[in-house]
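Heads up, the thing below is written out as structure tokens.
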Amino acid sequence: MNPFRQRLQQQILVLDGAMGTLLQERGLPPGGCPEEMNLNAPAVVEDIHRDYAKAGADILVTNTFGGNRAKLAHYGLEARVDEINRSGVEIARRAAGENGLVAASIGPTGRFLEPVGDAGFDEMVEIFAEQVRAFVAAGADLVTLETFLDIRELRAAIIACQSVSDLPIMAMMTFDDGGRTVLGTPPEAAAVTLEGLGVDVIGTNCGLGIDGVYAILEQMRKVSSLPLIAQANAGLPILRDGETIFPGTPEEMTAYHDRLVELGVRVIGGCCGTTPAHIQAIREALEGRQTAWQIRPRSGWLSSRTSVVPFGSAAPCAVIGERINPTGKKAYSAELREGKTAYIRREAQEQLAAGAVLLDVNCGAPGVDEPLALERAVYAVTGVVGAPLVLDSSDPIALERGLKAADGKVLINSVSGEEKSLKTILPLARRYGAAIIGLALDETGIPETAEGRLAVARKILAAAQSIGIPKEDILIDCLTLTVSAEQKRAMESLRAIELVRRELGLGTVLGVSNISFGLPCRPVLSATFFAMALAAGLDAAIINPKDEKMMDAFRAGMVLLGKDLRAEAYIGHYADIATPTTVATAPSDGPLPVREQLANAIIEGDSEGIVTMVEEALAEGLDPLTISNEGLLPGLEEVGKRFGSNRIFLPQVMLSAETMQKAFSRLKQEMGGASTSRGRILMATVEGDIHDIGKNIVCTLLENHGYEVIDLGKNVAASRILSEATAQQVDAVGLSALMTTTLQQMQMTLDALRDAGIKVFTMVGGAVVTQEYADSIGADLYAADALEAVEKINKLLTSSH
Ligand code: THG
């Protein structure tokens, strides 16, 4: 057994603390690449490792956080990925000695995945795989994935690790004090997605002090059975006498240890601001608290980027909206062939408003490139709603495209008991961390009896478990056959639900409405069958949630089965029914006025459809100014509002901005092809600071809003900012800083710009920067987040031109 996995069972392991700050203290020059020190100053890196080992760390984390090709390219080091990562492991190994463990560190690439950014999923996987191959060659004990903000990028990193190694994986995301990552993922959604992928340990690093980290881990524990890892900062940075200080003392950091141990935290280390002294205190605080790992029960969950949905016997029946399916829907079939997504986006919103919690997505129709269509559909749905997805296809190629495009843990619909299906579909579920629907049929067709279907279910379960898919992630479709053909069939399906649950302990699902095919007044029969299936123990149902009778049966059934506590959902729905809550979506029939269509396209991020829509508006006789002021801009304003109230998150904002950009360039063409740049902005993370994720997001969003961005990267000296600002004739300079001593650099840079008489607007931001501080150093504007940065820059530059 891998030594890390073995020791994790027996003891709570101590991880080391911060690396970046110590490297700076010991000679990392401004603008220098931390990971390059593995090659040109290995003794310095080794010394830091030794200090942590001496302090009592069981696990040393390699100096390879930014060792991926994308990051190293900023320093012209992309050809040295292998060397840098190998030596990172070798240096840590020398310091770890016989009993120490070496965790190879992976951090984000700094790039954004399609459709928000330009990195392809496969490309991202390969960037990480290149790093992992070097770790394997150098003999790392495990991989630690740190500081991820984008759950989909983290998925790519995990998939990369697992495709080239069987090393244990610890996966961490960074949350802010609002309890979500910058890209909108809460701890529960992260935990569900990561556990689905089969990592060994999940948790959080950076961003928060130990109290905040504890709160995050508590949330993760609600949905996950995995061992946890805590890597808090030494408190939240504060400004004292012009210097940033991480105020957390070693004692404060250990105050939570009893609770952490209780929660099932098995690895404890530190992030920014922690030192060997902190690690020593953690080590000492753990004396006498060592306990063996206790296995926790697992339960069934699905996730999206922003939410989780439970399934299985403890949860209410999960309503899966069936309407994103071309069967019998001419309009949707036509859109699939034309590559449009308006139907999908509308149905996604309306089905959720009607009470679905999961969305089935089916793109299989004649004349449609199904893999491409499924990818596009996943992007379209995740652009407008936060529900987990059910990917409905029997084509493994299409499923894989959809699985790559999804953010969370999806439900694959479906695998069957046929050998060919088991062989192709189950490995996809394992690789992409998905749950599966298993159809109770095989090469011989659908078994007549419940016992026959149970036998197929048993075969699917065995095949799934043999490749590491746990039973909580399997739902058996007991199959609905039309009752009009043979009346005994309905009861066989219901008996199968009971048998599968009792004999195998598996959850069940049905596509319910097929029961009534060929009979009049279908909703009555379907809804009654649905109620009976709920009583038999059905865990999930693929239905039309806009069918009132079906939802009536569902809501009543949940009360009667004791799954709607105090009948809250029932009362909430039916007590309101006299005054139905308005749903802010289009009516299914009849098009919206063109201004609203434009606004909706911006809100929904319909970057594919927007240009056509603008052209239609022009053809209708609207002038460019009206289109912009009465259509597009109100849309963007609504995006800002929704972002501000946590209803949408950065990825959606970025898509909306890109859509806006496309609309604007089309309008500019109309007005005589003026330059499309709204201004030139120089961006940099100041000297001494190597945290650039926030700055990167601001850059992307500014570009999407039509600005030309010159990104100088991180750890940039004031002199360089000065010379580039002059040479590039920029309109504004944006500076970010996250940590120790770097606020001073921000001030020095602004002073230098002023002293040199360079007339540019200045904008500052970053975790430790406040409006007050921005004012005190004479910055023209302060922005708390990327969207605010864009809004304020818009105002500033518009009023000055
Ligand atoms: N089991 C599993 N997956 C499934 C099914 C199942 N996926 C597909 C299907 N069955 C469930 N989805 C649908 C989708 C549409 C319709 C029925 C089931 C449907 N369409 C109408 C028609 O065909 O006439 C169109 C009516 C409308 O506009 O809504 O009924 O059993 N695992």
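Annotations for the structure displayed:
- Under 14 Å from the Cα of K759 - aspartates and glutamates, other chains or at least 8 residues apart: E724, D731, D751, D780
- Just the protein heavy atoms count here, and of the accessible area of the stretch 189-300 at 1.4 Å, carbon and sulfur take up 51 percent.
- Shown in residue order for the stretch 557-565 are the 3J(HN,Hα) couplings computed by the Karplus curve 6.51 cos²θ - 1.76 cosθ + 1.60 at θ = phi - 60°: x, 5, 5, 5, 8, x, 9, 10, 4 Hz (x for Gly and Pro).
- Translational diffusion coefficient (Stokes-Einstein; Kirkwood radius from C-alpha pairs) of the stretch 1-138 at 20 °C, 1.002 mPa s, in µm²/s: 137
- Test item: Cα-centred dipole of the stretch 61-130, Lys/Arg +1 and Asp/Glu -1 on Cβ, debye: 360
- Test item: Cα-centred dipole of the stretch 179-321, Lys/Arg +1 and Asp/Glu -1 on Cβ, debye: 540
- Debye intensity ratio I(q)/I(0), log10, the chain, q values 0.05, 0.11 Å⁻¹ (C-alpha model): -0.28, -1.28
- Note on surface exposure: H691, H49 rank H691, H49 by accessible area, highest first, 1.4 Å probe.
- When the listed pairs K409/K695; K641/K792; K340/K641; K404/K662; K668/K795 are checked against a 22 Å cut-off, the alpha-carbon distance exceeds it for K409/K695; K340/K641; K404/K662.
- Relative to the dominant Cα principal axis of the chain, helix 81-96 is inclined by about 80°.
- Taking a straight line from the alpha carbon of K488, these lysines sit under 26 Å away, with near neighbours fewer than eight places off in the same chain left out: K459, K549.
- Sequence-distant residues sharing a close amide H with G511 (under 5 Å, placed H): L479, T480, I542
- Angle in degrees between helix 121-138 and the longest Cα principal axis of the chain, rounded to the nearest 10: 60
- Of all aspartates and glutamates in the structure, those lying under 17 Å Cα to Cα from K54, and not within fewer than 8 positions of it along the same chain, are D16, E46, E98, E284, E287.
- HN-Hα J in Hz across the stretch 531-545 - Karplus 6.51, -1.76, 1.60, θ = phi - 60°, x for Gly and Pro: 4, 5, 5, 4, 5, 6, x, 4, 9, 8, 9, 8, 9, 8, x
- A full extension of the chain between E443 and E503 corresponds to an added length of 19.3 nm, given 0.36 nm per residue minus the alpha carbon distance.
- Between E251 and E78, the FRET efficiency from the beta-carbon distance, with R0 = 60 Å, is close to 0.85.
- Rolled with a 1.4 Å probe across the full set of protein chains, the surface gives M491 an accessible area near 100 Å².
- Most to least packed among 307-313, 284-290 [average Cβ atoms within 10 Å]: 307-313, 284-290
- Pairwise FRET efficiency - R522 versus D211, Cβ, R0 = 41 Å, nearest 0.05: 0.15
- Angle between the chain longest axis and helix 42-55 axis [Cα atoms, degrees, rounded to 10]: 70
- Excluding ligands, DNA and RNA, the accessible surface per residue across the chain is 39 Å² with a 1.4 Å probe.
- Largest to smallest accessible area among F530, F517 [probe 1.4 Å]: F517, F530
- In Hz, Karplus ³J(HN,Hα) per residue of the stretch 449-459 (6.51, -1.76, 1.60; θ = phi - 60°; x = Gly, Pro): 9, 4, 5, x, 5, 4, 4, 5, 4, 4, 5
- Amide H contacts of Y707 (H built 1.01 Å from N, in plane; Pro and chain starts excluded): R678 sit under 5 Å, all sequence-distant by 5 or more or on other chains.
- Solvent exposure ordering (accessible area, 1.4 Å, most first) of M532, M550: M532, M550
The values are calculated or read from the model by the stated rules, or taken from the named source; none is laboratory data. Every value quoted in this text rests on a predicted model; they were computed, and no experiment measured them. Please note: Cβ atoms are built from the backbone with ideal geometry, for glycine as well, and neighbour counts cover all protein chains shown. What goes into the accessible areas is simple: the full protein's heavy atoms, side chains included, and nothing from ligands, DNA or RNA. Shrake-Rupley method; radii C 1.70, N 1.55, O 1.52, S 1.80 Å.
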